[in-house]
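Structure, as structure tokens:
The values are calculated or read from the model by the stated rules, or taken from the named source; none is laboratory data. The shown structure was predicted, so the numbers you read here are calculated from the model rather than taken from an experiment. Virtual Cβ from ideal backbone geometry, glycine too; neighbours counted across all protein chains shown. These accessible areas exclude ligands, DNA and RNA; they are computed on the full protein's heavy atoms, side chains included. Shrake-Rupley method; radii C 1.70, N 1.55, O 1.52, S 1.80 Å.
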Amino acid sequence: MVRLRQRLAGSQNALGRGLLALLSRDRLDEDTWESLEDVLLTADIGVAPTQELVERLRTRLRVEGAAASDVRAVLREELTTLLEPEMDRRLQVTGADGLPGVVLVVGVNGAGKTTTVGKIARIMVAQDRTVALGAADTFRAAAVDQLATWGERVGVEVVRGPEGGDPASVAFEAVKSGVERGLDTIIVDTAGRLQNKQGLMDELGKVKRVVEKQAPVTEVLLVLDATTGQNGLIQARVFSEVVDVTGIVLTKLDGSAKGGIVVAVQRELGVPVKLVGLGEGPDDLAPFDPGAFVDALLG
Ligand code: GDP
């Protein structure tokens, strides 16, 4: 929690301070609410959730006459509610019937997929789980090498194919080897070429179909770069139309003042943000905890 706060320090906390300063004014008038809307929209919370939040705060602080000293608590509560704390955020990494869990990691190039695969593998190794990685981003030699480096770093095997080979066949081999060796989990790094929706659908659809000849996919994680704001939301929509996304990983939250994108993206896709990326290092991945996040945001 302390680390989260440190990582979100600076512009993120400025959001929290801005909100608190606004709501601590002696008079909460129209001007206050408009300024509040601006602050929330700038943080990428999105139009509908912003209006809802302002409406709820107006009611609670003005109509119900909450005291100024309650402002922080009320704001904390309402922000946490917006983050839908009841959602199940556990990663589905365990398969049924003795089969490995299969995690597909999808998202556009540069979002942080490969890094996230490495970080998740590290967490799982620390939990004494047996893991292998599939380097199915065969279009970029650098991506395969990068994943191989992560594999060495965290001590897990990386299944790779020929450069420019078929991503689905690499994914298939990775899962096959995992089934044969009785591993707990296979994590597959996929290609993120967003050339067009049909192309993406064909590619990811094939990866999923082929993998499922071996073992059911237990989790499809969509990796989104928090710094891309509303653009990221458009990408998220395309991916969710192509595969059944079960969880979101929001990366680069350390470098963004747009933490509100967490709210927007959960609303948009109806699936929980499960993990957040807080830096480039191997330990810079944390489970997403709405309460801790809001606390960090409010500083
Ligand atoms: P991919 O193309 O989706 O596989 O993306 P990569 O995993 O190669 O990541 C792209 C860049 O973003 C790399 O330089 C990563 O180190 C960086 N990156 C990934 N996750 C994070 C994060 O949470 N915070 C920061 N600051 N950088 C990140």
Problem set entry | Residue check, ALA121 surrounded by 16 or more Cβ atoms within 10 Å (Cβ to Cβ) and touching a Ser or Thr at 6+ places or on another chain (Cβ under 7 Å) | no
Seminar exercise, completed: Those residues of the stretch 202-260 which are part of a helix (DSSP H, G or I), within 14 Å of the ligand (Cβ to nearest atom) and charged (D, E, K, R) amount to ASP254
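On the given criteria, is GLN235 touching a Lys or Arg at 6+ places or on another chain (Cβ under 7 Å), of a type in the set (S, T, N, Q), in contact (Cβ under 8 Å) with a residue 12 or more places away in the chain and open to solvent by 10 Å² or more (accessible area, probe 1.4 Å)? Steps first, answer last, please.
On the way: touching a Lys or Arg at 6+ places or on another chain (Cβ under 7 Å): no; of a type in the set (S, T, N, Q): yes; in contact (Cβ under 8 Å) with a residue 12 or more places away in the chain: yes; open to solvent by 10 Å² or more (accessible area, probe 1.4 Å): yes.
No.
State whether the residues of the stretch 166-179 include one that is free of Cβ contacts under 8 Å to residues at least 12 places away in the same chain and either assigned to a loop (DSSP other than H, G, I, E, B) or in contact with a strand residue (DSSP E or B) (Cβ under 7 Å, 6 or more places away or on another chain) (or both). Quick ask: steps written out before the conclusion?
At the first step, the residues of the stretch 166-179 found to be free of Cβ contacts under 8 Å to residues at least 12 places away in the same chain are none.
Scanning the stretch 166-179, I find no residue that is free of Cβ contacts under 8 Å to residues at least 12 places away in the same chain and either assigned to a loop (DSSP other than H, G, I, E, B) or in contact with a strand residue (DSSP E or B) (Cβ under 7 Å, 6 or more places away or on another chain) (or both), so the answer is no.
Being away from the ligand (no atom under 15 Å from the Cβ), in a loop (DSSP other than H, G, I, E, B) and within 13 Å of the chain's Cα centre (by Cα) is the requirement here; does VAL263 meet it? Break it down stepwise before answering.
Working: away from the ligand (no atom under 15 Å from the Cβ): yes; in a loop (DSSP other than H, G, I, E, B): no; within 13 Å of the chain's Cα centre (by Cα): yes.
Criteria not met by VAL263.
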For this session: Would you check if GLY270 is open to solvent by 10 Å² or more (accessible area, probe 1.4 Å) and at pLDDT 90 or above?
Result: yes
Seminar exercise, completed: Out of (1) open to solvent by less than 50 Å² (accessible area, probe 1.4 Å); (2) under 11 Å from the mean Cα position of the chain (by Cα); (3) not β-branched (Val, Ile, Thr), the one LYS252 does not meet is (1)
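Restricting the stretch 27-50 to residues that are of a type in the set (Gly, Ala, Ser) and assigned to a helix (DSSP H, G or I), which is surrounded by the fewest Cβ atoms within 10 Å (Cβ to Cβ)? Outline the logic, then answer.
The initial filter retains those residues of the stretch 27-50 that are of a type in the set (Gly, Ala, Ser), namely 35, 43, 46, 48.
Pick out the ones that are also assigned to a helix (DSSP H, G or I) and you get 35, 48.
Numbers: SER35: 16, ALA48: 11.
This residue is ALA48.
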For this session: Identify the single condition in (1) surrounded by 22 or more Cβ atoms within 10 Å (Cβ to Cβ); (2) in a loop (DSSP other than H, G, I, E, B); (3) more than 13 Å from the chain's Cα centre (by Cα) that GLU280 does not satisfy, given that it satisfies every other one.
Result: (1)
Seminar exercise, completed: Scanning the stretch 180-201 for residues that are charged (D, E, K, R) and in a helix (DSSP H, G or I) gives GLU180, ARG181, LYS197
Exercise. Does the stretch 131-149 include one or more residues that are acidic (Asp, Glu), surrounded by fewer than 24 Cβ atoms within 10 Å (Cβ to Cβ) and within 16 Å of the ligand (Cβ to nearest atom)?
Worked result: yes
Problem set entry | Criterion violated by ARG90 - all others in (1) over 25 Å from the mean Cα position of the chain (by Cα); (2) under 30 Å from THR190 (Cα atoms) satisfied | (1)
Problem set entry | Condition check for ALA73: free of Cβ contacts under 8 Å to residues at least 12 places away in the same chain and exposed (fewer than 15 other Cβ atoms within 10 Å of the Cβ) | yes
